[in-house]
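Participant: One structure follows; several queries about it will come next.
Readers should treat all values here as calculations from the given coordinates under stated rules, not as data from a laboratory. This one's a predicted model, so the numbers in the text were calculated from it and none came from an experiment. FYI the Cβ positions are ideal-geometry reconstructions off the backbone, even for glycines, and counts take in every protein chain you see.
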């Protein structure tokens, strides 16, 4: 394949790709998509959050899971970086800590695809008997 | 942070929080002065003089989740360790420019790292912001404007793996061609 150097090259590739894309039934409405937010503050980046984000971007796309991957700032869990918040439509958002590639894979295959809880959740809110 | 591109990924979060709609990431190499100036410039909320003084303090932050903010102070430390400089120019209501100068030949100068990947990730996760990346080297200048890039791939999602690979390749090939500093 020729080297991609200019925007014109990019446009040519786009035409090629467009003809191959399957049309998806789901609309691109954010509320209907799985939202993945990777903590990308100083603590996160220093702990390898970029790699984690890259993995989510690549793997979700490869498995054709409708998701939006974004970065967020510090969520306050610097001791557990990289952290990722997963919001599945209709469910409460869940924050996971120590998310390396392996953990990310587990999260995608178990929690996102099957809804099974995975170890390593950081509790954000809890109710006591008095609530 | 192990690379300059990781610092950029960090500092840029400040610009995003400041409600910027245009963020410029600029590398200016000057082999004659042995200096590479890295600038992150935004059109966000800006800061008054007092805030600019406080910003570099690692124990100061405007966020509410915790009490420290290390990004700017770490970048300042790294720039100064190479014998370079660090400055913040800001005007409330107009925007902020963070400029870090690194001595290119200094043994303490970190590698630039995978800037192509960082630029792609930023454009992907914050497509509502206009990103302009520019690298000025001895052999030439490379500039990428997210607006133009998105126009050229119109009709196909940016997250598609072939588009992703292509955009990252495009940046890398152009940087190689102008022999950008690594």
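Participant: How many of the residues making up the range A:33-67 are at the interface with another protein chain (Cβ under 10 Å from one of its Cβ atoms) and more than 20 Å from residue B:12 (Cα to Cα)?
Facilitator: Adding up the residues that qualify gives 5.
Conditions tested, residue by residue: (1) surrounded by 15 or more Cβ atoms within 10 Å (Cβ to Cβ); (2) in a helix (DSSP H, G or I).
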{"residue": "A:44", "(1), (2)": "yes, yes"}
{"residue": "A:55", "(1), (2)": "yes, yes"}
{"residue": "A:82", "(1), (2)": "yes, no"}
{"residue": "A:108", "(1), (2)": "yes, yes"}
{"residue": "A:116", "(1), (2)": "no, no"}
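Participant: Identify the single condition in (1) part of a loop (DSSP other than H, G, I, E, B); (2) more than 10 Å from chain B (Cβ to nearest Cβ); (3) under 19 Å from residue B:118 (Cβ atoms) that residue A:89 does not satisfy, given that it satisfies every other one.
Facilitator: Every condition holds for residue A:89 apart from (3).
Participant: Right, next: From the list B:23, B:37, exactly one residue is in a strand (DSSP E or B) and within 14 Å of chain A (Cβ to nearest Cβ). Which is it?
Facilitator: B:23
Participant: Name every residue in the range B:67-86 that is at negative phi and away from chain A (no Cβ under 14 Å), in order of residue number.
Facilitator: Hits for the range B:67-86 are B:79, B:80, B:81, B:82, B:84, B:85, B:86.
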